[in-house]
1. Answer yes or no: is there a residue in the stretch 132-139 that is touching a residue at least 40 places away in the same chain (Cβ under 8 Å) and surrounded by fewer than 17 Cβ atoms within 10 Å (Cβ to Cβ).
2. Name the single residue that is modelled with the lowest pLDDT among those in the stretch 162-176 being crowded, with 20+ Cβ neighbours inside 10 Å and over 21 Å from Pro27 (Cα atoms).
3. Across the stretch 141-190, what is the total count of residues that are under 17 Å from Ser14 (Cα atoms), assigned to a loop (DSSP other than H, G, I, E, B) and of a type in the set (A, V, I, L, M)?
4. Would you pick out the residues in the stretch 32-60 that are outside any helix (DSSP H, G or I) and surrounded by fewer than 16 Cβ atoms within 10 Å (Cβ to Cβ)?
5. In this structure, is Val77 more than 23 Å from Val38 (Cα to Cα) and assigned to a helix (DSSP H, G or I)?
6. Confirm whether Ser116 is hydroxyl-bearing (Ser, Thr, Tyr), modelled with pLDDT of 90 or more and either on the phi < 0 side of the Ramachandran plot or not in a helix (DSSP H, G or I) (or both).
7. When you look at Leu60, is it over 28 Å from Arg31 (Cα atoms) and at pLDDT 90 or above, yes or no?
8. Please state which one of Ile84, Ile109 is of a type in the set (A, V, I, L, M), surrounded by fewer than 18 Cβ atoms within 10 Å (Cβ to Cβ), at pLDDT 90 or above and touching a helix residue (DSSP H, G or I) at 6+ places or on another chain (Cβ under 8 Å).
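The values are calculated or read from the model by the stated rules, or taken from the named source; none is laboratory data. These numbers come from a predicted model, not from an experiment. Please note: Cβ atoms are built from the backbone with ideal geometry, for glycine as well, and neighbour counts cover all protein chains shown.
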Amino acid sequence: MTGRPKLNGESTVSVEGLVREVIGRSPAPPRGVGYPKVLRSVFASSLGFATVASGSVLILAAVGFLWSSKGAVVPLVLAAWFLIVGVLVWIITFTYAGRVRHALEKGMISEARVMSLEKAEGPSRRTLDAMSNGFIAGTRKVRHPLGDFNDRFRYDGRGAASLDVGSPMRVLVDPGKQKVLLDVPTSNGKPRGAGRSG
């Protein structure tokens, strides 16, 4: 998710900016993070904006079909379809915001290292963020109190194009199980340590 972070409590901050802000303020969990603030950050991201815009267009289309149906079956069916898909698209946004909030509240900062890459692309059209950041997918080894583990990952955040095998990354992990919750970006465009945060 992109956007210029503003590190004051009330301004809109990108998801990456919010992660940096919260982790910088409270490195160890638990951390207090309000859902509305996370939601604003998700809305400010490229993916969040596209999702909300798409859902809104679908819902407006449903209203249009409903208004013009005059009792006809086909427009009513189309209205119902557009409404259901639009609501599902909106749910994606709210679900992602909930996931980010959970990761920020409970996640423990950990180190990871890229072990292998299946895809490594410069700026591309694979995702909205990949258009400016690049995209990589592969396997990383993540450190964890319960034992190191391998994690398959995909990353299109800042610094993605600069990552390679051996690049260090930072992530938030679930303290109780071997699971990566969220990537930890850095302000300089490379994940903390000279590679990626993942």
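1. yes
2. Initial filter on the stretch 162-176 (crowded, with 20+ Cβ neighbours inside 10 Å): 163, 167, 169-173.
Subsequent filtering for residues that are over 21 Å from Pro27 (Cα atoms) retains 163, 167.
Working: Leu163: 90, Ser167: 94.
Top of the filtered list is Leu163.
3. Residues meeting the conditions: 1.
4. Gly32, Gly34
5. In short, yes.
6. For Ser116, the condition - hydroxyl-bearing (Ser, Thr, Tyr), modelled with pLDDT of 90 or more and either on the phi < 0 side of the Ramachandran plot or not in a helix (DSSP H, G or I) (or both) - is met.
7. For Leu60, the condition - over 28 Å from Arg31 (Cα atoms) and at pLDDT 90 or above - is met.
8. Step by step, each of Ile84, Ile109 is checked, and only Ile109 is of a type in the set (A, V, I, L, M), surrounded by fewer than 18 Cβ atoms within 10 Å (Cβ to Cβ), at pLDDT 90 or above and touching a helix residue (DSSP H, G or I) at 6+ places or on another chain (Cβ under 8 Å).
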